[in-house]
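Contents: one structure, followed by commentary.
The values are calculated or read from the model by the stated rules, or taken from the named source; none is laboratory data. Computed from a predicted structure; not experimentally measured. Cβ placement follows ideal geometry from the backbone for every residue including glycine, while neighbour counts extend to all protein chains displayed. Just the protein is used for accessible areas: all its heavy atoms, side chains included, with ligands, DNA and RNA removed. Shrake-Rupley method; radii C 1.70, N 1.55, O 1.52, S 1.80 Å.
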Amino acid sequence: MAEIRTGTCSWTDRTLLESKTFYPPGLKSAEGRLKFYAQHFNTVEVDSTFYALPARRNAELWAERTPPDFIFHIKAFGLLTPHSVEVARLPPLRREMLPPSQRELLRPHAPPAATRDTAS
């Protein structure tokens with residue numbers, strides 16, 4: 001039988017935070033919110049990875065703060081999709097690979113293939 005998991009798009013989703021009905025009053029840290037969230041849900045979408053690649057240590061901390069069977073659904077980084085990405089959010093090596101004219105843009109729409117395709 002298939003397992004059904006239930007979760008939301010983020011443990012820091014603005015509507016979830018603004019509702020003031022889910023998290024206990026005074027719970028303000030992302031760490032505390034993730035731990036509390038994982039007591040009530042068994043999966044979550046990580047939306048922030050679409051906008052910027054997470055630091056390795058952050059991903060390790062997410063895993064440490066949740067049960068072993070908790071599942072993170074990682075949204076693909078925007079550069080891996082047809083969407084554009086803010087130049088400031090690119091890893092430094094990728095920014096340096098952009099032609100100078102594109103480094104000044106907020107969101108280059110067609111970065112060179114080498115910028116998109118090489119591993120960090």
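Its Cα centre serving as origin, the stretch 1-104 has a Cβ charge dipole (Lys and Arg +1, Asp and Glu -1) of approximately 220 debye. Close amide H pairs (under 5 Å, H built 1.01 Å from N) link Thr43 with Thr6, Ile71, residues at least 5 positions away or on another chain. Across the accessible surface of the stretch 41-84, with the other protein chains kept in place and a 1.4 Å probe, carbon and sulfur atoms take up 60 percent. The listed residues Ile4, Ile74, once ranked by accessible area (1.4 Å probe) with the largest placed first, stand as Ile4, Ile74. Solvent-accessible surface (1.4 Å probe) assigned to Phe22 amounts to roughly 50 Å². Each residue was assigned an accessible area with a 1.4 Å probe, and for Asp69 the value is about 100 Å².
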